[in-house]
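For reference, the structure is listed below as structure tokens.
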Amino acid sequence: MLETKLLLVDDEEAFVAAMDKRLTMRNMKITVAYTGEEGLQKLGDDPDIDVVLLDVKMPGVDGIATLREIKNKHPMTEVIMLTGHATVESAIEGMKLGAFDYLMKPCDMDELVAKVEEAKNKKRTHQEKIIEAAGKDLRGRRGR
């Protein structure tokens, strides 16, 4: 199975360190960022990241604003929102903006890993469909 490339964006350093260790043991390549701005920069540096785990409550640019920007610049990237302060409003807002899912911290590690794999598979399926459609379009144009 291919290694999953995951970007973890959260301002809580202890949480990031623990998640990095636990997810690395589950065959994931983790990139970390401690602010929304840093997360956007790292995603721009490595557009092959499969999934972003994004904290909702962060100082400066919060998770909702970061999600909006990710979906604007990297629409194929799947985002799972994480929060210790869930509100129905932020969950609804995140889902409207295109978040793949929304999980409460602390979340069950097996559930999180399953959600990350689902999100990664969704991204891959979309990419394959785009490549297939582009190939059909090219074949159709050559036949003219």
Please verify whether the stretch 113-127 includes one or more residues that are assigned to a loop (DSSP other than H, G, I, E, B) and either touching a His at 6+ places or on another chain (Cβ under 9 Å) or modelled with pLDDT under 90 (or both). no
Kindly provide the set of residues from the stretch 66-76 that are farther than 16 Å from Leu8 by Cα and of a type in the set (A, V, I, L, M, F, W, C), ordered by number. Met76
Can you find, within the stretch 1-20, the residue that is surrounded by the fewest Cβ atoms within 10 Å (Cβ to Cβ) among those that are farther than 18 Å from Pro106 by Cα and more than 13 Å from the chain's Cα centre (by Cα)? Met1
Restricting the stretch 56-91 to residues that are among the aliphatic types (A, V, I, L, M) and out of contact with any strand residue (DSSP E or B) (no Cβ under 9 Å at 6 or more places or on another chain), the residue that is modelled with the highest pLDDT: Ala65
In the stretch 1-20, which residue that is of a type outside the set (A, V, I, L, M, F, W, C) and assigned to a strand (DSSP E or B) is farthest from His74 (Cα to Cα)? Thr4
Keeping to the stretch 103-121, report how many residues are in contact with a strand residue (DSSP E or B) (Cβ under 6 Å, 6 or more places away or on another chain) and either without any contact (Cβ under 8 Å) to a residue 12 or more places away in the chain or more than 20 Å from Ala18 (Cβ to Cβ) (or both). 2
Checking Cys107 against (1) in a loop (DSSP other than H, G, I, E, B); (2) more than 29 Å from Ile131 (Cβ to Cβ); (3) within 12 Å of the chain's Cα centre (by Cα), which single condition isn't satisfied? (3)
When only residues in the stretch 21-65 that are part of a strand (DSSP E or B) and charged (D, E, K, R) count, which is surrounded by the fewest Cβ atoms within 10 Å (Cβ to Cβ)? Lys29
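The values are calculated or read from the model by the stated rules, or taken from the named source; none is laboratory data. Just so you know, these numbers come straight off a predicted model, no measurement behind them. Backbone-built Cβ (ideal geometry, glycine too); neighbour counts: all protein chains shown.
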